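Student: Structure in structure tokens, see below.
Just so it is clear, none of the values below were taken in a lab; they were calculated from the coordinates. Note that the structure is a prediction, hence the values are computed from the model and not measured. Positions of Cβ are generated from backbone atoms using ideal geometry, with glycine treated the same way; all protein chains shown enter the neighbour counts.
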Amino acid sequence: MPNQKIFNRKVYMLIDQSSSMFHTDILFNNERRWKYITEVIEGHVYNILNFEGINGEKICDEITLTFFNEKKTPKATYNIQDDSEVAILFEKNQPHGDTFLAPTLEKIVGQWFATRKPDEGGFIVIYTDGVLDDYDAFLNCVKETCSKLNNQDELKVVIIGLGSDIDRDPKFYLKLDANVLFTDRNSAQCDIIVFDMLNKMSGIIELLDRQLVNPEAGLPVWGKEFCPELYD
């Protein structure tokens with residue numbers, strides 16, 4: 001059973017809408033990444049919305065979903081209460097453009113701070129098939145976010161890599177997970193980044209729970225093959 005900290009959270013899903021998401025991928029039996037990830041996210045939405053603790057605790061009752069690609073805030077965010085709502089959103093938002101994440105992340109973080117109830121945590125789950133085009137701006141957003149948190153368990157930014165490009169070379173995100181450490185409002189260490197690969201992770205609930213108990217032990221086991229220095 002996951003840690004109790006997994007419950008009572010706002011959950012956001014940020015989907016990479018860059019043009020490469022339209023590529024076919026051998027990891028997905030030559031299916032287009034956009035089509036494959038649609039079905040994956042349907043499953044993740046179902047699992048998160050329907051997961052309950054032994055006393056009926058829930059993670060959330062709805063999930064906010066949005067897309068990112070351009071160097072500006074997203075045009076729309078969507079609140080969904082059922083996995084059946086996912087496919088139509090993917091049909092309406094086809095891939096194009098680059099991989100600029102920071103403007104969308106800034107908007108979602110601001111929304112979480114503005115609307116959260118007392119003691120309500122957050123999960124921001126990011127799905128991407130490539131390296132970010134605005135890495136420095138992304139880091140600055142994470143730093144600013146950490147400085148406003150009471151502790152590192154309040155909010156987790158979970159990055160799920162997908163597709164052959166990241167699978168061949170996941171070092172960028174493994175190092176991001178291991179090395180991005182800032183401080184919270186109490187000057188304590190604040191580690192909120194979690195990374196795993198879609199084709200290697202155990203499941204969405206397990207991934208959300210992974211760093212809630214011990215953030216320092218949170219790197220995926222498979223990553224040692226690519227970055228052994230991070231596991232010493």
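Student: Restricting to segment 106-132, what's the tally of residues that are in contact (Cβ under 8 Å) with a residue 60 or more places away in the chain and farther than 18 Å from residue 155 by Cβ?
Tutor: Going through segment 106-132 one residue at a time, the tally reaches 3.
Student: I've got another one for you. Please go through (1) assigned to a loop (DSSP other than H, G, I, E, B); (2) surrounded by 15 or more Cβ atoms within 10 Å (Cβ to Cβ) for residue 55 and return the number of the only condition it doesn't satisfy.
Tutor: With (1) assigned to a loop (DSSP other than H, G, I, E, B); (2) surrounded by 15 or more Cβ atoms within 10 Å (Cβ to Cβ) applied to residue 55, the lone miss is (2).
Student: Now a separate question. Could you please give the count of residues in segment 131-156 that are in a helix (DSSP H, G or I) and either loosely packed, with under 14 Cβ neighbours inside 10 Å or not polar (S, T, N, Q) (or both)?
Tutor: Filtering segment 131-156 down to residues in a helix (DSSP H, G or I) leaves 135-148.
Filter once more, keeping what is either loosely packed, with under 14 Cβ neighbours inside 10 Å or not polar (S, T, N, Q) (or both): 135-144, 146-148.
Count: 13.
Student: Tally the residues that are more than 14 Å from the chain's Cα centre (by Cα) and not in a strand (DSSP E or B), restricting the search to segment 121-130.
Tutor: 0
Matching residues to (1) crowded, with 20+ Cβ neighbours inside 10 Å; (2) touching a strand residue (DSSP E or B) at 6+ places or on another chain (Cβ under 6 Å); (3) farther than 24 Å from residue 42 by Cβ; (4) among the charged types (D, E, K, R):
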position	(1), (2), (3), (4)
72	no, no, yes, yes
77	no, yes, no, no
82	no, no, no, yes
96	no, no, no, no
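Student: Can you pull out the helices (runs of 4 or more DSSP H) entirely within segment 159-229 that have at least 3 residues that are more than 17 Å from the chain's Cα centre (by Cα)?
Tutor: In segment 159-229, 164-168 are the helices (runs of 4 or more DSSP H) which contain 3 or more residues that are more than 17 Å from the chain's Cα centre (by Cα).
Student: Got at least one residue in segment 189-199 being closer than 23 Å to residue 35 by Cβ and touching a Gly at 6+ places or on another chain (Cβ under 6 Å)?
Tutor: Yes.
Student: Just give me the residues in segment 18-32 being under 13 Å from residue 166 (Cα atoms) and part of a helix (DSSP H, G or I), in sequence order.
Tutor: Matches in segment 18-32: 20, 21, 26, 27.
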